[in-house]
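Everything on this sheet refers to the single structure shown next.
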Amino acid sequence: MPLVRISLSSDRPAESRRPIADAVHRALVKEVGIPEGDRFQIIEVLATDAMLFDPEYLDVPRQDVVCVQITLRAGRDAQLKQRLYARIAEEAAAVGVRPQDVFVVLTENGSADWSVGNGQAQLLDEELLARWR
């Protein structure tokens, strides 16, 4: 159950926001194997001067960054993460985002670190999880 925050500049057209979010979700479904309905995303639109990303760090020529922050339960190996980064860039490119502008950060945590409502830690309830798989 990832939580995804997509930060992009106000220079990007409003009609591009949903396709970008859809692209990130498709990548998570394809590479991580999350269920199609497991979608929790926040789209954050910031003033261009509020997004300070070095335009050449590590030889990547950035112009208009789309920052994708993904929080998910720990346990995926480095190869899967690398496939996910590549798939996000590929899917984003298909909706008009330059791959060089796709900046992804994964943050991992444990099942006890989530409550999806009602003040309960649903990810600790194996019986509940089994019904949703």
For this session: Tell me, yes or no, whether the range 99-110 has at least one residue that is at pLDDT 95 or above, open to solvent by 70 Å² or more (accessible area, probe 1.4 Å) and within 23 Å of A130 (Cα to Cα).
Result: yes
Exercise. Taking F103 and the conditions (1) free of Cβ contacts under 8 Å to residues at least 40 places away in the same chain; (2) in contact with a Cys (Cβ under 7 Å, 6 or more places away or on another chain), which numbered condition does it fall short on, given that it satisfies the others?
Worked result: (1)
Problem set entry | Selection status of T48, touching a strand residue (DSSP E or B) at 6+ places or on another chain (Cβ under 6 Å), open to solvent by 20 Å² or more (accessible area, probe 1.4 Å) and at pLDDT below 95 | yes
Exercise. L52 is checked against (1) of a type in the set (A, V, I, L, M, F, W, C); (2) part of a helix (DSSP H, G or I); (3) without any contact (Cβ under 8 Å) to a residue 24 or more places away in the chain and fails just one. What number does that condition carry?
Worked result: (2)
Problem set entry | Residues that are among the polar types (S, T, N, Q) and over 22 Å from P2 (Cβ atoms), drawn from the range 48-106 | T48, Q63, Q100
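The values are calculated or read from the model by the stated rules, or taken from the named source; none is laboratory data. Predicted model, so just to flag it, every value in this text is computed and none were measured. Cβ coordinates were reconstructed from backbone atoms using ideal geometry, including for glycine residues, and neighbour counts include every protein chain displayed. Side chains included, ligands, DNA and RNA excluded: accessible areas come from the protein's heavy atoms. Shrake-Rupley method; radii C 1.70, N 1.55, O 1.52, S 1.80 Å.
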